[in-house]
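Asker: Handing you a structure now.
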Amino acid sequence: MFCRVSEHSRFKLNCISGSTSLEFAKKNLIASLLIEKLLITIREIAKGDIWFIPRESIVKPNRNQSGYEPDIIILNQETIGTQTRWKSESVIQNASSVKLIVEIVGSNWRDDYYNKFGDYEEMGIPEYWIVDYAELGGRDFIGNPKQPAFFVCELVDGEYVKKLFRGGDVIVSPTFPKLNLTAQQIFDLAL
């Protein structure tokens, strides 16, 4: 979702998601499974008192007044104080407290593959997942013929390195090495 936010307001203005009701329901179902799995894994790696998943937040790249509301974001409570707009507006302006952002691709797929990819990379977000369960991304990303795709993008030397997972591939995450989840388990939720 893309939002315009004012400098001193908690309100999100001009939010554009481009999602249909059915697409929105499927994205919510996928997000809820991922949140459940991520919270379990966070506890297993003894970060339950440190890392958290807020109900909502806005990630604001270093440009104009635009920002994104990620489908899932994992934040570090120990460094959230460096976010000057967090307490009043739930706005994240730098990567210092972000562990992971997850975007579940909808009809506005270019936002996830191009805009957010570039903005999150530029901000220094250490890990970014793109979940394309509905085969909406461009063929350059998900193949021809199109197939569901799960990307883990890891920031290495200031640039994202993308790893593609499909079907029974176990998702490998640098932040969550104990995550025991396949791409297909995520895709099956959308059926």
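Asker: What number of residues in segment 115-128 are over 12 Å from the mean Cα position of the chain (by Cα) and either of a type in the set (Lys, Arg) or more than 16 Å from ARG63 (Cα to Cα) (or both)?
Answerer: 0
Asker: Considering only segment 146-153, I want to know if a residue exists there that is part of a loop (DSSP other than H, G, I, E, B), out of contact with any strand residue (DSSP E or B) (no Cβ under 6 Å at 6 or more places or on another chain), without any contact (Cβ under 8 Å) to a residue 12 or more places away in the chain and farther than 21 Å from ILE72 by Cα.
Answerer: Yes.
Asker: Shifting gears a bit: What number goes with the only condition from (1) in contact (Cβ under 8 Å) with a residue 60 or more places away in the chain; (2) surrounded by 20 or more Cβ atoms within 10 Å (Cβ to Cβ); (3) part of a helix (DSSP H, G or I) that LYS116 does not pass?
Answerer: (1)
Residue-by-condition table, conditions (1) closer than 30 Å to ARG139 by Cβ; (2) touching a strand residue (DSSP E or B) at 6+ places or on another chain (Cβ under 9 Å); (3) small (Gly, Ala, Ser):
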| residue | (1), (2), (3) |
| --- | --- |
| GLU36 | no, no, no |
| ILE50 | no, yes, no |
| ILE53 | no, yes, no |
| LYS60 | no, yes, no |
| TYR68 | yes, yes, no |
| GLY81 | no, no, yes |
| LYS99 | no, yes, no |
| LYS116 | yes, yes, no |
| GLU122 | yes, no, no |
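Asker: Scan segment 171-191 for residues that are under 17 Å from the mean Cα position of the chain (by Cα) and part of a loop (DSSP other than H, G, I, E, B) and report the count.
Answerer: Looking only at that region, the number is 8.
Asker: Another question, if that's okay. Considering only residues that are at pLDDT 95 or above, on the phi < 0 side of the Ramachandran plot and either touching a His at 6+ places or on another chain (Cβ under 7 Å) or surrounded by fewer than 21 Cβ atoms within 10 Å (Cβ to Cβ) (or both), which ones fall in segment 124-135?
Answerer: Listed by number, the residues that qualify are PRO126, GLU127.
The values are calculated or read from the model by the stated rules, or taken from the named source; none is laboratory data. What you see is a predicted model; the values in this text were computed from it and never measured. Cβ: placed from backbone, ideal geometry, glycine included. Neighbour counts: every protein chain shown.
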